[in-house]
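Take a look at the structure set out below.
The numbers here are math on the coordinates, done by the rules we state, and not lab data. Treat the numbers as computed from the prediction; the structure is a model and nothing was measured. Methodologically, a virtual Cβ is constructed for each residue, glycine included, from the backbone with ideal geometry; neighbour enumeration extends over all protein chains shown.
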Amino acid sequence: MAKHPAAAGRADETVTSSAAAAGLAERAIAGDRRALARLLTLIDDDRPGAREVAASLAERAGRAWVVGVTGVPGSGKSTLVDALLGAWLAQGHRVAVIAIDPSSPISGGAVLGDRIRMGANAAHENVFIRSFSARGELGGLSHAARAAVDAFDACGFDRVIVETVGTGQSETRIVALADTRVVVCPPGLGDDVQAIKAGTLEIADVLAISKGDLPLAEQTAREMREMLTLRRRVAKSDWAPRVVVVSALAGTGIGISELLGALDAHRDAVGVGRRARARTPERIAAAPVTARAAAAVAATATAALATPLDADGWRDRIAGLAANDGLCTTLGITFRSGGPGRAEVAMTVDARHLNFNGVGHGGAIFSLADSAFGLAANSHGPLAAGIDAHITFQAGVVTGDRLVARATEAHRSRRVAVYRIDVVRLDPGGGESAISSFTGTVYIKG
């Protein structure tokens, strides 16, 4: 039976292979906005060819300045992003925006409404705004955010704004993705004790006190500046975070020029290419970043590999940790591979891992992810103690399923490190199915 012409047309629009995905990427890089839109959908839906094309885009990326905008729900992030868009467009820049919207824990759906507040500049030829649903991901980002940034970067956008979903105190995944982090704080955030708490406020390169036309704005700014004074006593940095009072309300424009100046100053101080630091040394060397950022990236890579171990040495070290872990032994969790800041473990689901309903126990899956987390965090040698963890489940498992957990270091400083762990099921045909996502933070004690 012949297909209806309209149905055939829709079939032609479906990307079904790595070759087709690569062709789509080339058209997007050449300036085809429709191809770019389809490419981002392919990446977001993890369709065939998405991972391969994402890897190829990452090889071409590294020039764009990535600015992360985060803060609590209702703080004015989207309105502030629109103000930044207008200012940068006036300067002749090409700007892409990735807006992460929350998804319903009940229906799984999402109202992708952040772009509504960016309507004043959305139609400009040098702007591309793309919304993504968080899809249950923790940390304020979507699973596709990093690949989307690389796509915009490779397509010639020199500035990429990533607006996170409304965050809480411990949702800080933007720290490993953005070169410059703006934390938006509404007036009357809380008392002075709230201001000195650890969490999102600590990751700010610039603290933007939003809704600056309100009476409490200046008081909140004072509290934030006092908080930063306390922070610098325990952690010194080449960059001292700045506090700017802003209002993106039409007709006010309070503090926008000051905010732009602070952002430019931070970029000039630290460069771009933060997300490249999570790559291998070979990929880092290939990424075209500024000279100052390249030096920082090289220093990070050198520090991570300072211990005189070859690949076998790293594997032996981490395998030894796994062999001495009581939970790994009890649950049959086996070590597969590892290196500096990464580890991969596996287990086959059996009676030990089932709950009272006869299906995979969430605690067993958590234990598998936590084992990879612990091994990766302690791979460098110094003792790392877990202080925060979040997990989401995408699918159930049954007896006989072979599960693999892969932990990757997203960020590491002298005292804190953040890890992303993906749990997948190895399918009989050679593919993989997503089971769970896990993020964890450790305090480095050694």
Worksheet item: Label-point separation (nm) for HIS93 and HIS390, each offset 7 Å from Cα along Cα-to-Cβ?
Response: 2.7
Worksheet entry | Segment ARG414-ALA30, length gained on full extension (0.36 nm per residue, minus Cα span) | 134.1 nm
Fill in: Under the Karplus curve 6.51 cos²θ - 1.76 cosθ + 1.60, θ = phi - 60°, whole-Hz ³J(HN,Hα) for the range 75-86, x wherever Gly or Pro sits
7, x, 4, 5, 5, 5, 4, 4, 5, 5, 4, x
